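Below: one structure, written as structure tokens.
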2 protein chains.
Amino acid sequence: MNPEGAPPSRAAARQEGRATINDIAAVTGVAASTVSRALSRPDRVNRVTRERIQAAARELNYVPNTQARALSSGRTDTVALLVSDATNPFYFGLIRGAQQQLHAAGQALLLMDTEDSAELENHLLGKMRRSVDGVILAASRLPEQTLAVIAAELPVVTINRNVPGVHSVVIDSPDGVMQAVEHLVSLGHRHVAYVTGPPSSWANEARWRALRTGMARHGLSADRIGPFGVSRHCGSAAADALLNTGATACVTFNDLLAIGILRRLAERGVDVPGEISVVGCDDIFGADFCSPPLTTLTAPIEQAGRVAVSMLLENLENPAVRASCRRIILPTHLTVRQSSGQAPRL
Amino acid sequence: MNPEGAPPSRAAARQEGRATINDIAAVTGVAASTVSRALSRPDRVNRVTRERIQAAARELNYVPNTQARALSSGRTDTVALLVSDATNPFYFGLIRGAQQQLHAAGQALLLMDTEDSAELENHLLGKMRRSVDGVILAASRLPEQTLAVIAAELPVVTINRNVPGVHSVVIDSPDGVMQAVEHLVSLGHRHVAYVTGPPSSWANEARWRALRTGMARHGLSADRIGPFGVSRHCGSAAADALLNTGATACVTFNDLLAIGILRRLAERGVDVPGEISVVGCDDIFGADFCSPPLTTLTAPIEQAGRVAVSMLLENLENPAVRASCRRIILPTHLTVRQSSGQAPRL
DNA sequence: ATGAAAGCGCTAACAT
DNA sequence: ATGTTAGCGCTTTCAT
């Protein structure tokens, strides 16, 4: 194997099966640069050379080293997705949608959890700005200005958040909230409360404004309770506060909260929807089989993930696109199940 | 800024704010290697030099380039987690646990979805074997031999699967199934069916064997129906098949199936647990609020994620550990809710 | 169409 | 304790 008695090459010494373009070059008798071309831009190389190279690559079980490629080309073929809490079922569909689209484009997904902290979010963003081609920010807690700075040096797409100059895909839940208002008003509800989520959430504010506006159109005002955390057990406090307002219906920041409220209400013997109607937001996993099944705003969340990825990839390929600032708005619709009904008679 | 009229350095030309160790070296008047040391092994450098360097790094807003570091050191500080379906709620806790532990160790998480396909799994593994330090395989569909080959060239920890020579953390659901058997038998059930999941799942077989063995101890035999897919809507077919067996109780491969069965049973007017008892497996999000709330085997899945990461990191740091083959078994327990009850009288 | 050569930013011997 | 010198594996001008 080594007739000259020369020391084995570094590469071979490190690991068997770790062929590099140099190995391929040696085997096929061409220059490494030709191998590189044959593999990444096959059309720039003579057909027979190319085929010889490709055959050798297969033979040697060659796998390109992404680090090396990234180092010299600047592209990493990796996109980061930042979520505020990886265990929130809301993100499941998002992750799936993003992952699918990314995989189809030959890119990898780097998933990061910001734990709902602006500091951690900022820190992570700083650390990885060199190791990814772009970032998708779901539920960013960062101030607009910071976001703008980041977007200036790295392609960014935000989800459910609009920032001047930053591409975004937002789910039109305000419109959905309007639908919910019409639904509730038509059922005779006059007193509706909004169950507030995290104050730092952009969507939270948007939903509240929509509810207030919608109610105002009917000459009615809306109550607001909270803020509450967005986990299920925060629903207990929310339910108690809700009963205190005397509202006959509520719209919640998200389904997690709504499901928690449903449970607490059941514990306290309050009939839903007989005494009070509950409308959630997002239509997460579980919204259709909780008890009673939840009336909620169905968000096309998986689609949002796919669309966000598409936008990002477009940016990467086309600098002109990057200079512009696209916004995509995805529609929601109200899905009526059994947690909403006729307002109780006084 | 550039009094000599010299062309700007390549680095500066590329991007502002993209300082390298060379920039720091220039500013502080030391060699680049010293900068490297000061930053990665502070103790190997004189205190005042180190402090000057660190100050300069902060000043220049320096962020190490992970690609370059990986290329020369061989470490990537990234761990991959492969799941068979990122939208399966079973993985949520796993992802969270892994992410937490990884973050604490300064490592990144690369999440990949194998879409339940052995081919895709193998392909992904091949593609990224250079870009990660190690891999956690949740629900691998790969044959033992392939797994062994992969484990030989890359640190691997499997979850819920035992392969000779490969580190693993498995959740002791067979023991949990035994508990379920005792529970059901003590409620008077004599005819129990197992609702089979994916044949390629190692855990699926283990659970079935446990059920059969457990029943045999009471001189009873067990039925087996399926295999069924693991999504909720596959529960419909499973429920129909179940009714056909005449069993008074079933244990399902996972909660998703169980929840689907519950729904179908309700549609067909079959009372749970009056006419039939249903026991799930995993205790996923939703198992406690479906209707009726599901009796199930509670798996410490988030802990499994953390433990898997710890094992992997140990391997990376300590080659001796890597040569050994550790197995960690995590206990489960039966959580009795309202989907199981007394067997119906004949 | 192909080759030669110069890095990308960092780490790791080896010297001093 | 610090500097020098080679690369890691790949892409990319620039020649030929």
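Per-structure values
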item: Rounded Å value of the spacing that divides the Cα centres of segment A:294-332 and segment B:69-142; result: 26 Å
item: A:Glu314-B:Ser231 FRET efficiency (beta carbon distance; Förster radius 22 Å; 0.05 resolution); result: 0.10
item: Length gained when the stretch B:Leu220-B:Ser40 is fully extended (0.36 nm per residue, less Cα-Cα span); result: 58.5 nm
item: Nearest-first distances (nm) between copies at A:Gly29, label 7 Å from Cα via Cβ; result: 5.7
item: Kirkwood-type radius of the protein assembly as shown, with distances r between different C-alpha atoms, in Å; result: 28.1 Å
item: Number of partner chain Cβ atoms within 10 Å, mean per residue of B:63-69; result: 6
item: Segments B:78-84, B:273-279 sorted - mean Cβ within 10 Å per residue, highest first; result: B:78-84, B:273-279
item: Shielding by partners, peptide A:125-133 (average Cβ within 10 angstrom, other chains); result: 4
item: Whether chain A is rounded, prolate or oblate, judged on the alpha carbon gyration tensor where a/c under 1.5 counts as rounded; result: prolate
item: 7 Å along Cα→Cβ, label-point gaps from B:Ser117 to other copies, nm, shortest first; result: 3.9
item: Gaussian network model of chain B, Cα within-10 Å springs - most flexible of B:Arg264, B:Arg47, B:Arg217; result: B:Arg47
item: Label geometry 7 Å along the beta-carbon vector: A:Gly106 inter-copy distances in nm; result: 3.4
item: Mean separation of Cα contacts under 8 Å, 6 or more apart, over the residue count of chain B: relative contact order %; result: 16 percent
item: Scaled radius of gyration (Cα, divided by 2.2 N^0.38 Å) that segment A:10-64 gives; result: 1.06
item: Residue-averaged beta-carbon neighbours from other chains (10 angstrom radius) around B:282-293; result: 4
item: Share antiparallel - DSSP beta bridges, chain B, percent rounded to 5; result: 10 percent
item: Estimated FRET transfer efficiency (A:Ile328, B:Asn22; beta-carbon r; R0 41 Å; 0.05); result: 0.50
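Bear in mind that the values in this text are calculations on the coordinates, not laboratory data. Quantities reported herein were computed from a predicted structural model and do not represent experimental measurements. A quick note on method: Cβ atoms are made from the backbone with ideal geometry, for glycine too, and the neighbour counts reach across all protein chains shown.
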